[in-house]
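For reference, the structure is listed below as structure tokens.
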Amino acid sequence: MIVISPTDRWLKSSLENCSSSLAVSSPYVGKYLHDAVSQLSSNVAVTLLTRTLLGDFASNASDLDALHALAERVGGILSLSSLHAKVHVVDRKCALITSANATFSGMYRNRECGIEIRNRRAINTLRDFIESGFGSSPKPQLWTADDLNELRKPVETLRAALSRITTLREAAIEAPPRVRLQRRQLTRLIESFSGWLRLTMEGISQIPSDNFTMNEVFSVCAPLAASRFPDNRHVREKLRQQMQRLRDLGLVLFLGGGRYERLARQA
């Protein structure tokens, strides 16, 4: 069955009898999805795959408050910076592949189109795709409510830096955009983070080239780690984890072959 706008009609109808699980893939998330999930029984297991790009939050394309509230409700969300798919799977009984994001505009205002899936094998495959990040490597990382709460200051810092720039366009959704900041703005963004994320940002900001390797990251960050976290004996593994976090935030891009590109750079 073809589903056209408002997509909200399909979702609300499907959720009326939802009793066990809901899986959602949506690059942008708004209060709309939080309100819909809030109507479900606490026994319903909810899986959400979305993006956690700082630029999305700074430009209000996605709602950090709503995502934080969802993470509190469901125990965390999965993040995939290159996500474009919009899929809903309800109780493994029905699914919707749609052009609509899980926002008020996507579900009500925009003219969207999708197709309902009732084939059980296809539904299970879609559910597995959501959980695996549609075959992405590395797989999507879990972001808890506490993790998302730590993004509030960086988001506000980036929003202030981008105040003169047009809201980031959805047309660029396939890849996080490169952002050029003045030196003072970049310093403020780095200082808005804490702990290992801040250390890693400080380190890669010292690398001369915007393209670099993990060995270079370790080289510049290891002295900082020895000073700030002297008891940590797994520095390389910790730095790899932070690079994955920075990928989720749209601050670095994985190029493959152990190489990275710095996306937030000095103008």
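The values are calculated or read from the model by the stated rules, or taken from the named source; none is laboratory data. Because the structure is a prediction, the values reported are computed rather than measured. Note: ideal-geometry Cβ built from the backbone for every residue, glycine included; neighbour counts use all protein chains shown. These accessible areas exclude ligands, DNA and RNA; they are computed on the full protein's heavy atoms, side chains included. Shrake-Rupley method; radii C 1.70, N 1.55, O 1.52, S 1.80 Å.
Annotations for the structure displayed:
- Qualifying residue in segment 35-55 (condition: of a type in the set (S, T, Y) and under 11 Å from the mean Cα position of the chain (by Cα)): yes
- Of all residues in segment 52-87, those satisfying the criterion of being among the hydrophobic types (A, V, I, L, M, F, W, C), surrounded by fewer than 20 Cβ atoms within 10 Å (Cβ to Cβ) and within 20 Å of D128 (Cβ to Cβ) are V74, A85.
- Residue in segment 104-113 that is open to solvent by less than 60 Å² (accessible area, probe 1.4 Å), under 25 Å from E156 (Cα atoms) and among the aromatic types (F, W, Y) present: no
- Only one entry of E237, E191, E216 meets the criterion of being among the acidic types (D, E) and surrounded by 17 or more Cβ atoms within 10 Å (Cβ to Cβ), and that entry is E216.
- Any hit, segment 32-48, residues being of a type in the set (F, W, Y) and closer than 21 Å to D248 by Cα: no
- Some residue of segment 120-134 being surrounded by fewer than 18 Cβ atoms within 10 Å (Cβ to Cβ), without any contact (Cβ under 8 Å) to a residue 12 or more places away in the chain and acidic (D, E): yes
The rows are residues; the columns are (1) part of a helix (DSSP H, G or I); (2) more than 20 Å from D8 (Cβ to Cβ); (3) touching a residue at least 24 places away in the same chain (Cβ under 8 Å).
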{"position": "N43", "(1), (2), (3)": "no, yes, yes"}
{"position": "D65", "(1), (2), (3)": "yes, yes, yes"}
{"position": "E72", "(1), (2), (3)": "yes, yes, yes"}
{"position": "S81", "(1), (2), (3)": "no, yes, yes"}
{"position": "A85", "(1), (2), (3)": "no, no, yes"}
{"position": "H88", "(1), (2), (3)": "no, no, yes"}
{"position": "A95", "(1), (2), (3)": "no, no, yes"}
{"position": "G106", "(1), (2), (3)": "yes, no, yes"}
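- Within segment 217-262, if we keep just the residues that are hydrophobic (A, V, I, L, M, F, W, C), in a loop (DSSP other than H, G, I, E, B) and touching a residue at least 60 places away in the same chain (Cβ under 8 Å), the residue that is nearest to D56 (Cα to Cα) turns out to be L249.
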